[in-house]
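Contents: one structure, followed by commentary.
The values are calculated or read from the model by the stated rules, or taken from the named source; none is laboratory data. Only a predicted model underlies this, so the values are computations on that prediction, with no experimental measurement involved. Heads up, the Cβs are rebuilt from the backbone with ideal geometry, glycines too, and the neighbour counts pull from every protein chain shown. The accessibility values were calculated without ligands, DNA or RNA, using every heavy atom of the protein model including side chains. Shrake-Rupley method; radii C 1.70, N 1.55, O 1.52, S 1.80 Å.
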Amino acid sequence: MKNQKHLFQLPEGIHYLNCAYMSPLLKSVEEKGIEGMRKKRNPISIKPVDFFTEANHLRTKYGRLINAPAAQIAIHPAVSYGMNSVINNIPYVKGQHALTISEEFPSCYYSAKRWCQKYGAELRIIARNDDLPQKGRDWNERILGAINRDTAFVVMASVHWMNGTKFDLEAIGNRCREVGARLLIDGSQSVGALAIDVQKYHIDALVCAAYKWLMGPYSTALSFIGEDFNDGIPLEESWMTRSNAERFDQLTKYVEGYKPGATRFDVGQSSNFIAVPMLNEALDQLLEWGIDNIQAYGKVLSAPLIEYFREKNVPVDDEIHRAFHLMGMQLPSHLDGEFLVGELQKRNVFVSLRGSNIRISVNVFNTEEDIAQLIAALES
Ligand SMILES: Cc1ncc(COP(=O)(O)O)c(C=O)c1O
């Protein structure tokens, strides 16, 4: 795959290695947003059927990306919303605990914490051993070792948002299945750049912010929620999730039932006429590129950077345990991370500081020149 910079409009001279923060907007996605906004100039252009069709397209496309049936996809405004929707529906059995990993993203951590507080359960946190030069294998093993018959659920990332560790979801999913624990994955830092298969990995819920690797607008997230939750109680009661929603003339013929699948967990006004067409367009583009091609492009692009870090004795994990699109490099303790990131910015190189890592993330809008400029800036 060649770089796709021409499909974006990042200003020339900017080296944006920060898709993990937020993706730039594809030109085509921007067009859809403007089109969506203009539609409301004349409300007769928005038909009752439009409240549902575009949203259903989203379910189909996200389902294709992660190998899930469209009916099991819910539309959310944020990961916090999706995780809460799921965790609220996990029953507690005396003696159970919940499990997460160290420095898990707050939207997941707080949802798990709330569940634990409600039932007086322990939230077990499996830490990474930062003293090891290659940390991923050990971390994965310790996660696997901690999952047991008293684990109600595991909530964790597929790729760690701060350090780029790639977790062995297949092994973790198998272990969860074995002991009857639910597996809830935050895919915000991987779906769209790294292949994932909810069926193969036995994932019960996969929640994903859409403004990063899915290249959608802000305030959008997509969640796969497995069939076991199909009788769950949603966070809110929207008319749109009810079985009679399509009949605008009969909405007050109140019904008991929801639409089938995970639609009951949709946020109200899930048909957002600006955001939904934008995200649909973005998913079309991702499906056309192919996720494996995006990951392979990241591998090629990041290779000189990995070599550079190795030369500088910065620990780099083995290939199986790190993602190619998101790298968190632990800074030597004598380096002031904030100062370093500030200095890089002065040279038009944009990365993030997350904890003691500089987080570098690459996607198809990046070029070899971006990497060369990063290395040159780090050197100077
Ligand atoms: C791993 C991860 N999850 C979730 C989010 C966003 O969370 P929310 O959608 O709740 O704002 C981010 C944003 O940086 C993230 O890195």
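Brief remarks on what is shown
- When Rg and the Kirkwood radius Rh are both evaluated on Cα atoms of the stretch 127-180, their ratio Rg/Rh stands at 0.97.
- Accessible heavy-atom area order of PHE265, PHE339, highest first, probe of 1.4 Å: PHE339, PHE265
- The convex hull around the C-alpha trace of the stretch 239-285, projected and averaged over every direction, spans 4.0 square nanometres.
- Residue-span extension gain [LEU7 to GLU178] - 0.36 nm each, minus C-alpha spacing: 57.0 nm
- Fully extending the segment from GLU379 to LEU132, taken as 0.36 nm per residue of separation minus the present Cα-Cα distance, adds 86.4 nm.
- With the charge dipole of the chain set up from +1 on Lys and Arg Cβ and -1 on Asp and Glu Cβ about the Cα centre, the Cα lying farthest toward the positive end among the listed residues PRO277, TYR201, ALA245 is that of ALA245.
- Electrostatic tally near LEU283: other residues with Cβ closer than 14 Å to its Cβ, Lys and Arg +1, Asp and Glu -1, net +1.
- Residue of THR241, THR252, THR165 that the Gaussian network model of the chain assigns the largest fluctuation, springs spanning Cα pairs under 10 Å: THR252
- Under-5 Å amide H pairs with ARG354, H placed in peptide plane, nonlocal only: ARG359
- Using a Förster distance of 22 Å, the FRET efficiency for ASP231-TYR254 (Cβ separation, nearest 0.05): 0.70
- Across all directions, the shadow cast by the convex hull of the stretch 264-380 built on its C-alpha atoms averages 10.2 square nanometres.
- Here the stretch 173-311 is treated as a Stokes sphere of Kirkwood radius computed over C-alpha pairs; at 25 °C and 0.890 mPa s its diffusion coefficient rounds to 139 µm²/s.
- Each listed q (0.17 Å⁻¹) maps to a log10 I(q)/I(0) for the stretch 95-233 from the Debye sum over equal C-alpha point scatterers, namely -0.95.
- The ellipsoid that matches the Cα gyration tensor of the stretch 156-226 has semi-axes, each √(5λ) in whole angstrom, of 22, 13, 9, with the longest given first.
- Comparing VAL154, VAL207, VAL341 in a Gaussian network model of the chain, where Cα atoms under 10 Å apart are tied by springs, the biggest mean-square fluctuation is seen for VAL341.
- Percent of C-alpha pairs per 10 Å bin, the chain, short to long: 5, 23, 31, 25, 13, 3, 0
- For the chain, the dipole from Cβ point charges (+1 on Lys and Arg, -1 on Asp and Glu) about the Cα centre works out to 780 debye, to the nearest 20.
- Neighbour net charge for PHE8 - beta-carbon separation under 12 angstrom, K R +1, D E -1: 0
- For the stretch 81-146, size of Cβ-based charge dipole, Lys and Arg +1, Asp and Glu -1, in debye: 280 debye
- Net charge, GLY257 excluded, C-beta distance under 13 Å - Lys, Arg +1, Asp, Glu -1: +1
- Here the accessible area of the stretch 82-199 is 46 percent carbon and sulfur, with a 1.4 angstrom probe and all protein chains present.
- Inverse of mean 1/r across different Cα pairs in the stretch 46-162, Kirkwood, Å: 16.5 Å
- Size descriptor, Kirkwood hydrodynamic radius, that averages inverse alpha-carbon separations across the stretch 7-99, Å: 17.5 Å
- Overall form of the stretch 201-273 per C-alpha gyration tensor (a/c, 1.5; a/b vs b/c): oblate
- Using a probe of 1.4 Å, the accessible surface attributed to ASP131 totals some 140 Å² when neighbouring protein chains are kept in position.
- Range of Cα positions in the stretch 1-57 per principal axis (Å), largest first: 44, 24, 22
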